[in-house]
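The structure under discussion appears below in the form of structure tokens.
The values are calculated or read from the model by the stated rules, or taken from the named source; none is laboratory data. As the structure is a prediction and not an experimental result, all values here were calculated from the model. Positions of Cβ are backbone-derived with ideal geometry, glycine not excepted, and every protein chain shown enters the neighbour counts.
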Amino acid sequence: MKISAKTKICLIIGDPVSHSLSPAMHNAGFEALGIDNQFVFLGARVKIKDVEMVIQAMKKMGIHGLTCTIPHKIEVMKHLDRIDKTAKKIGAVNTVINQNGRLIGFNTDWLGVITPLEKITFLKGKKVAVLGAGGAARAAVYGLLRRRAKVKIFNRTINKAKQLAKEFGCQGGSLNNSNEIKNSDIIINTTSVGMKPLDNELPIPIDYITSKQIVFDIVYVPFETKLLIEAKKRGATIIHGVEMLLHQGTAQFEIYTSRKAPEEIMRKVLVHP
Ligand code: NAP
């Protein structure tokens, strides 16, 4: 055990939190780089009413990094000294760093969406159908527009799709819009369809998917969702939800350590937890 009184603490807070793979992923990264004497990553279940207290404790105790997951990504914003402009635009913070007692908030979720796509395609000018209009969709839409993709948002509640589209300056509509979705180059599912208890459902009819498309499902439990299984059968290129988890995590690792994240080591933790 290399931990000492000098080791910097990073913490994930959520409610619940025990399912989180972030501690294992980051600690594996620290160990691989031989910096597990400098950093340790832990988890704490925190009620939303106690987030402010955690932020005060972070300052008083010199906690180095704070990862926020559901339901704290918006609440935490009220209590920080500064929020970078990307996180402000997305409207959520998933990463907080303590810089000499000043707490700065970032959002790396958008990189979780963009990086896996950019490993296999060039996003500028690509037609992208984003399914869903919740918190994860906001990060996806922000990132895609930043890379100058042509984004359309489709959601069960059409008004929410239209509202989000208006805010980001793109178009929104219904999940039944077969032509628009069929004609897109990339489909990204950001709805919770595919995750238990909706693991036997599809967010769109399967005949909207063609062999030319990339289908990215950000749901990561189960590892391969029904949407990805069906898309693969139709010859589409698929991206698993753990890739988002990994790449929001590697970006966060780099904020916490100022070191390049060991991606393959961190991926192994997520794929074979
Ligand atoms: P959220 O803000 O609650 O949004 C949920 C979205 O799913 C809404 O657009 C909602 O549509 C839609 N939806 C829910 N049930 C539906 C149904 N039966 N049919 C059609 N649409 C339905 O949640 P979120 O934070 O964006 O998260 C969404 C999913 O992404 C979750 O499964 C989460 O685990 C996953 N996620 C993964 C990662 C990762 O790292 N891979 C990161 C963040 C989130 P309405 O507006 O009509 O309700």
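Which one of Ser178, Ser174 is within 13 Å of the ligand (Cβ to nearest atom), touching a Phe, Trp or Tyr at 6+ places or on another chain (Cβ under 7 Å) and hydroxyl-bearing (Ser, Thr, Tyr)?
Criteria check complete, one pass: Ser174.
What's the total number of residues in segment 37-54 that are assigned to a helix (DSSP H, G or I) and closer than 18 Å to Ser22 by Cβ?
So the first thing to find is which residues in segment 37-54 are assigned to a helix (DSSP H, G or I), and the list is 48-54.
Filter again for closer than 18 Å to Ser22 by Cβ, leaving 51, 54.
Total satisfying the criteria: 2.
Right, Leu227: away from the ligand (no atom under 11 Å from the Cβ), in contact with a Gly (Cβ under 7 Å, 6 or more places away or on another chain) and in the same structural domain as Ala139 (by TED's automatic domain parsing) or not?
For Leu227, the condition - away from the ligand (no atom under 11 Å from the Cβ), in contact with a Gly (Cβ under 7 Å, 6 or more places away or on another chain) and in the same structural domain as Ala139 (by TED's automatic domain parsing) - is met.
Looking only at segment 145-196, filter to residues that are on the phi > 0 side of the Ramachandran plot and within 20 Å of the chain's Cα centre (by Cα); which one of those is surrounded by the fewest Cβ atoms within 10 Å (Cβ to Cβ)? Spell out how you get there, then give the answer.
Our first condition is that a residue be on the phi > 0 side of the Ramachandran plot; within segment 145-196, this holds for 148, 169, 194.
If we keep only those that are within 20 Å of the chain's Cα centre (by Cα) as well, we get 148, 194.
Numbers: Arg148: 11, Gly194: 25.
So, considering only residues that are on the phi > 0 side of the Ramachandran plot and within 20 Å of the chain's Cα centre (by Cα), the one surrounded by the fewest Cβ atoms within 10 Å (Cβ to Cβ) is Arg148.
Just checking, how many residues over segment 92-127 are within 16 Å of the ligand (Cβ to nearest atom) and not acidic (Asp, Glu)?
16
Quick check on my filter: what residues within segment 56-89 are surrounded by fewer than 22 Cβ atoms within 10 Å (Cβ to Cβ), part of a helix (DSSP H, G or I) and under 22 Å from the mean Cα position of the chain (by Cα)?
Once the filter is applied, which keeps residues that are surrounded by fewer than 22 Cβ atoms within 10 Å (Cβ to Cβ), part of a helix (DSSP H, G or I) and under 22 Å from the mean Cα position of the chain (by Cα), segment 56-89 yields Glu75, Met77, Lys78, His79, Lys85, Thr86, Lys88, Lys89.
Taking only segment 129-144 into account, find how many residues are surrounded by fewer than 24 Cβ atoms within 10 Å (Cβ to Cβ) and part of a strand (DSSP E or B).
The number of residues fulfilling the criteria is 0.
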